[in-house]
Ligand SMILES: Cc1cc2nc3c(=O)[nH]c(=O)nc-3n(C[C@H](O)[C@H](O)[C@H](O)COP(=O)(O)OP(=O)(O)OC[C@H]3O[C@@H](n4cnc5c(N)ncnc54)[C@H](O)[C@@H]3O)c2cc1C
């Protein structure tokens, strides 16, 4: 017997959230992580040069801010070394014709930026935020609990202050919402760029809310990031787990989950060790890999068929740089550093990027780019006066000759993207680059097996893979067909991103099943005894 009540497979932030609640509720927890460090897609590494702390994956921690975990400070993470920084400007978007739009934390100042293009669009922005205020409570409540059947979601939507109009918005494409609300081409590109930041193709049905939630979230919380790097979220959670007597082991890839009499009983790691779970096993191993670990014969055909149908989501291409100075982005009246800058020329360019993506072509003509310089607000991430810089674009995992082609072409693709972005800054040149590291979509999968086929959000958030249907209809409540085995993380509702919502939702179901509750876990933040 290993003496643990709950064994957690994977130490991404979602499993650590669940483990922290469980540890606070008094359960003996063991977390096993395959990689040499915790955090999964919310980790940090010196990818380029010593002293340069990069976020290999997530940098922005926006979605977790609306999670009751943060909103109500349920675990007191601020007392465990987690401190958030709120950049101002939120982000800037230079265009090739010399125009620019900047989102500032001050709403009036953002509206003044939009009014330079169109006064009606500035007013439309205020209306969009006001409309989101009428929808936010319902959407946040929906995301912060196990999914409900579609008819219940529709009925609840009709009860919100926007009623039928909200239902129409939910079913619409975000591109249509942006076109009907905004007139100017630059303004439309600006909002499409933000709405796209969780990688839902905005021309697909049921993306309408993206045009509200992502925009409003940035206006409210900025491009919020943890001081010191993304790993400070998992580290704070790990401190809570260890303070409560839990154990976290790294470099422990799980190769088998034992099932006896229909019940998950233990896990086996690649080094031959076996860890028994007295009460439950909670996994963030990708759903595509779980059958191989538990044995397909232990899964009902309906579950396996659902997993077989599972589709990846859009994939990213990322280059990290150590820089001698921060890029200065061109705006209409000056050149300025900005933690976040965006590039998207127009809605037409966006649609061309999606077309290229869907046909497995690398279209670098007018790419969608996210440029991050966290050191503008957080000098602790680099040696004095130096900077970390991250360029993210959205390119397909599958290429005509197979994903392995990426190893041959990635550095050329990376250089081309750098040159494209250099046109939007006054000083960005190769002379500033002290070190670099490129991750193609294939590299992102190699980095973390949960990034199946490069998917950074578990898989598509299409209607067939959302809410009640995520990951498989009938098993969207974090339970799996195997008693005692729970599925957590980006493959579950409400999907990927640093939201911690799958983790907290899973904790709610798990703790209830084990005769405890979130309330028990959060009743006394300082001392919850067994
Ligand atoms: C390049 C990139 C940029 C991103 N940027 C952002 C951003 O700025 N903001 C944002 O909100 N989101 C961003 N995301 C998405 C976000 O990071 C993820 O959706 C989220 O972190 C997923 O968290 P998770 O806990 O569900 O899973 P993960 O973080 O993927 O954790 C799963 C863990 O399980 C481990 N594991 C898997 N298989 C095994 C096994 N067999 N045995 C043991 N351990 C195993 C993995 O090593 C990993 O540590 C980005 C993702 C990428 C890749």
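The values are calculated or read from the model by the stated rules, or taken from the named source; none is laboratory data. All values derive from a computational prediction rather than experimental measurement. All Cβ positions, even for glycine, are placed from backbone atoms using ideal geometry, and neighbour counts span all protein chains on display.
Just the residues that are within 14 Å of the ligand (Cβ to nearest atom) and surrounded by fewer than 24 Cβ atoms within 10 Å (Cβ to Cβ), please, taken from the range 275-284. Within the range 275-284, 275 is the sole residue that qualifies.
From the list 498, 509, the one residue that fits, being in the same structural domain as residue 288 (by TED's automatic domain parsing), within 30 Å of residue 306 (Cα to Cα) and touching a helix residue (DSSP H, G or I) at 6+ places or on another chain (Cβ under 9 Å), is 498. Within the range 233-244, not a single residue is modelled with pLDDT of 95 or more, more than 29 Å from residue 313 (Cα to Cα), assigned by TED's automatic domain parsing to the domain that holds residue 495 and within 11 Å of the ligand (Cβ to nearest atom). The set of residues from the range 1-38 being closer than 14 Å to residue 281 by Cβ, in a loop (DSSP other than H, G, I, E, B) and more than 9 Å from the ligand (Cβ to nearest atom) comprises 2, 27, 28.
Conditions tested, residue by residue: (1) over 29 Å from residue 21 (Cα atoms); (2) within 12 Å of the ligand (Cβ to nearest atom); (3) not assigned by TED's automatic domain parsing to the domain that holds residue 337.
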site	(1), (2), (3)
434	yes, no, no
473	no, no, yes
479	no, no, yes
482	no, no, yes
486	no, no, yes
489	no, yes, yes
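From the list 87, 56, the one residue that fits, being closer than 30 Å to residue 184 by Cα, in contact with a strand residue (DSSP E or B) (Cβ under 7 Å, 6 or more places away or on another chain) and within 15 Å of the ligand (Cβ to nearest atom), is 87. Criterion applied to 450, 460 was being within 12 Å of the ligand (Cβ to nearest atom), under 19 Å from residue 41 (Cβ atoms) and either modelled with pLDDT of 95 or more or surrounded by fewer than 19 Cβ atoms within 10 Å (Cβ to Cβ) (or both), and the one residue passing it is 450. Of all residues in the range 286-303, those satisfying the criterion of being in contact with a helix residue (DSSP H, G or I) (Cβ under 8 Å, 6 or more places away or on another chain) and crowded, with 16+ Cβ neighbours inside 10 Å are 286, 287, 288, 290, 291, 299.
Kindly provide the set of residues from the range 11-53 that are in contact with a strand residue (DSSP E or B) (Cβ under 6 Å, 6 or more places away or on another chain) and closer than 18 Å to residue 492 by Cα, ordered by number. Within the range 11-53, 11, 15, 18, 19, 40 meet the criteria.
Return yes when residue 506 is in a loop (DSSP other than H, G, I, E, B), within 22 Å of residue 257 (Cα to Cα) and within 13 Å of the ligand (Cβ to nearest atom) and no when it is not. Spelling it out, it is not the case that residue 506 is in a loop (DSSP other than H, G, I, E, B), within 22 Å of residue 257 (Cα to Cα) and within 13 Å of the ligand (Cβ to nearest atom).
For residue 41, the requirement of being within 8 Å of the ligand (Cβ to nearest atom), within 22 Å of residue 270 (Cβ to Cβ) and assigned to a loop (DSSP other than H, G, I, E, B) is met. The residues listed here are 384, 349; of these, the one that is closer than 29 Å to residue 228 by Cβ, surrounded by fewer than 19 Cβ atoms within 10 Å (Cβ to Cβ) and assigned by TED's automatic domain parsing to the domain that holds residue 429 is 384. Take the conditions (1) assigned to a helix (DSSP H, G or I); (2) in contact with a helix residue (DSSP H, G or I) (Cβ under 7 Å, 6 or more places away or on another chain); (3) over 30 Å from residue 196 (Cβ atoms); residue 444 misses just one of them, which is (3).
From the list 387, 320, the lone residue that is out of contact with any helix residue (DSSP H, G or I) (no Cβ under 9 Å at 6 or more places or on another chain) and farther than 30 Å from residue 265 by Cα is 320. Considering (1) in a helix (DSSP H, G or I); (2) within 29 Å of residue 77 (Cα to Cα), say which one residue 464 fails and leave the rest. Among (1) in a helix (DSSP H, G or I); (2) within 29 Å of residue 77 (Cα to Cα), the lone unmet condition for residue 464 is (2). When each of 429, 497, 414 is tested for being within 10 Å of the ligand (Cβ to nearest atom) and either within 30 Å of residue 330 (Cα to Cα) or touching a strand residue (DSSP E or B) at 6+ places or on another chain (Cβ under 6 Å) (or both), the lone residue that passes is 497. On the stretch given as the range 244-266, residues that are farther than 22 Å from residue 447 by Cβ and touching a residue at least 40 places away in the same chain (Cβ under 8 Å) total 11. Taken together, 392, 369 contain a single residue that is within 30 Å of residue 178 (Cα to Cα) and in contact with a helix residue (DSSP H, G or I) (Cβ under 8 Å, 6 or more places away or on another chain), which is 369. Yes or no: residue 249 loosely packed, with under 15 Cβ neighbours inside 10 Å, within 14 Å of the ligand (Cβ to nearest atom) and more than 23 Å from residue 291 (Cα to Cα)? Yes, satisfied.
Looking only at residues in the range 467-491 that are out of contact with any strand residue (DSSP E or B) (no Cβ under 7 Å at 6 or more places or on another chain) and not in a loop (DSSP other than H, G, I, E, B), the one that is surrounded by the fewest Cβ atoms within 10 Å (Cβ to Cβ) is 468.
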